[in-house]
Amino acid sequence: MKPIEIAKYLAPVLLAVIVMVTCKRDYSKPGREYAPDMAHSKAYETYTKVKDNTAFEDGYTALEPAKGSIARGQKVYHGDDTPEGYTLATASDENPLALTDEALARGKEVYSIYCTPCHGPKGDGEGTAVLGSNYNLAAPPINFTAPTGEWTSGRIFHVINYGKGNMGAYASQIAYDDRWRLVHYVKSLNNANTATTADGSQTASK
Amino acid sequence: MVTKNKAFRYLLFFSAFLLLSSAVFAQELDGYKLFQQNCGACHKADADYTGPALQPALDNWDGDKEAMYTWVRNWGQAVELGEGGDPRFARAVEVQDYDASAMNLFPTLDDAKLDAIFAWVANPVTPGGGVSGGEVTAPVAQTGINWLLVGVLALLLILSLILARISQNVEKLIYERDGDPLPEPVSLKDRILNKKLLGFLSLLAFGFLGYSLYVNAANLGRSQGYAPEQPIAFSHKLHAGTLEINCQYCHSSAAVSKSASIPSMNICMNCHKQVEAGPTGETQQIAKIYEATGWNTETLAYDLEPGAPIEWDRIHNLPDHVFFSHAQHVSAGGIECQTCHGPVEEMEVLTQYSNLSMGWCINCHRETKVQFEDNAYYADTFKEYHKNVKDGKLDFVTVETIGGLECQKCHY
């Protein structure tokens, strides 16, 4: 076969390859837009940084809540983030929500989202994030299935609110009432993984 | 005659190559994606989930594809046929009441799509690498090129070259046998300027350009596949995949708000107060959190001046004239995050998975059945529908039935 013959057959191959390869999109860019006026909000959206936004400092629209403001549907926790507040909460705070199956179910749901990375799906301190990373923690997460006699509801609630030791504060992620439901669930993890509901019946919590 | 034949052959060869190569690159219409879109919310290939594991299911149906098509598209019909005595659907009768939550209907999945899904289930390899849920992780070519097809293509190429050569020789022999003089070899220029070839090529080019015009115009402003480099090289694969941290741990307002929320730095610090290095001992990325929050790794306190907040690049954007609420979909609808956002737990760099087009929204609203069980929102809001479903008057209620296609629901 003459070189010209080979070239003849190679030409379409090359053409096809060039077409396939050069039409690649740059995925680090969002791509072209049609009618951007309709797509982009004139109003400030939650997380957009608005250029020339003089209403807010630095142009950021996501701001911290004003001091002393309470979000709708939320309640204020009276406990202080101090050792005294902790002692006081441990000694005196009671769970304002009744221990019901619904409360436990919601508590479990909250637990499975916010607590399993460290305390584990079973509450035994074998957290998914602790096991998944081979990171050596300064102190292992608390095992809820071990006896928790001196763990009053008030103490658990205070720790969820403000954190303790290596644990961070969860008040910004978990709604006030859900925190108390979570307290119910955490307490239920003790005592052979069963909990007693208000009417005295035993509910197995998986 | 010879000229025409050759031109035709040449043309055929070119179009075959273009078609085949597009087939190689277009392999993305794969079972994995279809599985994620249609089945992944309830099924896993190798493990029980909301629905049963699908690999054993494939075995249990003895590979009777026709029967499986019927089951997937409309399991109720399969059960009816089974109860009517059709031996192929005995399995349908057997499994119909395995679980309280009934399976969706998928009338839009044609044979080819279902075959692709079945094939993926039999060999569940995810494009990002790794077998879903399994122990073994087999690295997969990132480009998604199907090497089998490439091999077949190469073979065809070689074969066609050989055949061309043979036919050329045979022609020559025929001329020699008949004693005819050999025709003048047609020049390359004449071949290319052949009218029929040019006409056909123009037609092909016109079709191709028209098609890409349509595709690209439809994709304007959709930014599917957008995967920008973020200010911190945060890996969802590590956090949501390996460490199994729930999506809502960080995106904690997804269940209660319109916005799923970009986590604030204090949420990072819940863990990174302790975890100062990544899995490879790399500290540079995590140091950016400390810089932004003013965390001092020496004194373990926030006693430094906080830096500028991290400006994450928003990936999923809906136009201003579309209303979308995460709370509605997550809390009321009970939709898995992955249904829209794809397998985030496998993404090293977060990518926009769905095209977020209106057609995409509408399709889902048409196909998704309203889940009334354990769902105060729908069971209380649509009492009549719930009652009819309970009484068996209606088989199911889709989002469309309760007004999910009303213009004003999303555009106002």
Exercise for review: Name the one entry in A:TRP151, A:TRP180 that is within 16 Å of A:LYS108 (Cα to Cα), modelled with pLDDT of 70 or more and either open to solvent by less than 30 Å² (accessible area, probe 1.4 Å) or not basic (Lys, Arg) (or both).
Suggested key: A:TRP180
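For region B:218-248, which residues satisfy the criterion of being of a type outside the set (Lys, Arg), farther than 30 Å from A:SER133 by Cα, modelled with pLDDT of 85 or more and open to solvent by 30 Å² or more (accessible area, probe 1.4 Å)?
Across region B:218-248, the qualifying residues are B:ALA218, B:GLN224.
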Practice item. Kindly indicate the residue of region B:352-410 that is assigned to a loop (DSSP other than H, G, I, E, B) and among the small types (Gly, Ala, Ser) and also most open to solvent (accessible area, probe 1.4 Å) among those meeting that condition. Key: B:GLY392
Exercise for review: Would you please list the contacts, defined by Cβ atoms under 9 Å and residues six or more apart or on different chains, that run from a residue in region B:259-270 that is facing chain A (nearest Cβ under 8 Å) and farther than 16 Å from A:ALA171 by Cβ to a residue that is part of a loop (DSSP other than H, G, I, E, B) and among the basic types (Lys, Arg)?
Suggested key: B:ILE262/B:ARG314
Revision key, fill the gap. Picking from B:GLY278, B:GLY334, the residue that is within 32 Å of the chain's Cα centre (by Cα) and over 21 Å from B:PHE35 (Cβ atoms) would be B:GLY278
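Table: residues versus (1) touching a strand residue (DSSP E or B) at 6+ places or on another chain (Cβ under 7 Å); (2) modelled with pLDDT of 90 or more; (3) within 28 Å of A:ILE113 (Cβ to Cβ); (4) not basic (Lys, Arg).
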{"site": "B:GLU305", "(1), (2), (3), (4)": "no, yes, no, yes"}
{"site": "B:ASP313", "(1), (2), (3), (4)": "no, no, yes, yes"}
{"site": "B:HIS329", "(1), (2), (3), (4)": "no, yes, yes, yes"}
{"site": "B:GLU346", "(1), (2), (3), (4)": "no, yes, yes, yes"}
{"site": "B:SER354", "(1), (2), (3), (4)": "no, yes, yes, yes"}
{"site": "B:ILE362", "(1), (2), (3), (4)": "no, yes, no, yes"}
{"site": "B:THR381", "(1), (2), (3), (4)": "no, no, yes, yes"}
{"site": "B:VAL389", "(1), (2), (3), (4)": "no, no, no, yes"}
Point to revise | For A:TYR47: the one exception among (1) within 11 Å of chain B (Cβ to nearest Cβ); (2) more than 23 Å from the chain's Cα centre (by Cα); (3) surrounded by 13 or more Cβ atoms within 10 Å (Cβ to Cβ); (4) at pLDDT below 85 | key: (2)
Exercise for review: Look at B:PHE234 and say whether it is more than 25 Å from the chain's Cα centre (by Cα) and more than 7 Å from chain A (Cβ to nearest Cβ).
Suggested key: no
Practice item. Select from region B:173-192 the residues that are open to solvent by 70 Å² or more (accessible area, probe 1.4 Å) and within 14 Å of chain A (Cβ to nearest Cβ) and write down the one among them that is farthest from A:PRO12 (Cα to Cα). Key: B:PRO185
Point to revise | Evaluation of A:SER28 against (1) assigned to a loop (DSSP other than H, G, I, E, B); (2) surrounded by 16 or more Cβ atoms within 10 Å (Cβ to Cβ) (one fails), failing number | key: (2)
Point to revise | Candidate set: region A:97-119, residues that are more than 21 Å from the chain's Cα centre (by Cα) and touching a residue at least 40 places away in the same chain (Cβ under 8 Å); chosen: the one surrounded by the most Cβ atoms within 10 Å (Cβ to Cβ) | key: A:LEU99
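The values are calculated or read from the model by the stated rules, or taken from the named source; none is laboratory data. This is a predicted model, so every value here is computed, not measured. Every residue, glycine as well, gets a Cβ built from its backbone with ideal geometry; the counts of neighbours run over all protein chains shown. The accessibility values were calculated without ligands, DNA or RNA, using every heavy atom of the protein model including side chains. Shrake-Rupley method; radii C 1.70, N 1.55, O 1.52, S 1.80 Å.
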